[in-house]
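**Q** After the structure tokens below, expect a handful of questions from me.
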Amino acid sequence: MSEYNRKVLPILGMNCQACALIIEKRLRKLEGVKEAKVSYMTQNVAVTYDPSKIGIPEIEKAIEKLGYRISYKKYEGILERVSKIFSRKKKLK
């Protein structure tokens, strides 16, 4: 019998209750996720999962693919992306 872990992930970018429902629905479809409850008010998702079937990085990735971000992760901003583009162009010359 598998042991389940529970993790609360803080999410950025939820603008309405429909966003919370979209995240819940997607996470519940992942193999190894037993339960996902999103709170729009606290901007968190509580995920109960089987760590032998799925890990937190895969759960985070599923959330990110929907267009949301995990608040404790650092994401590249527009300035960093523009800087990389210009540095690549300089190297090509």
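Here, each number is a calculation from the coordinates, and none is a lab measurement. Everything numeric in this text was worked out from a predicted model, so none of it was measured. Every residue, glycine as well, gets a Cβ built from its backbone with ideal geometry; the counts of neighbours run over all protein chains shown.
**Q** Which of the GluC sites (Glu not before Pro) found in the stretch 21-54 are loop residues per DSSP with 15 or fewer other Cβ atoms within 10 Å of their Cβ?
**A** 31
**Q** While we're here: List residues of the stretch 20-36, by number, whose backbone nitrogen lies under 20 Å from a label position 7 Å along Cα→C-beta of residue 53.
**A** Under cut-off, by backbone N: 23-36.
**Q** Here is a further query. At most 13 other Cβ atoms within 10 Å and a DSSP loop assignment: could you name the trypsin sites (Lys or Arg not before Pro) in the stretch 1-46 that fit?
**A** 29
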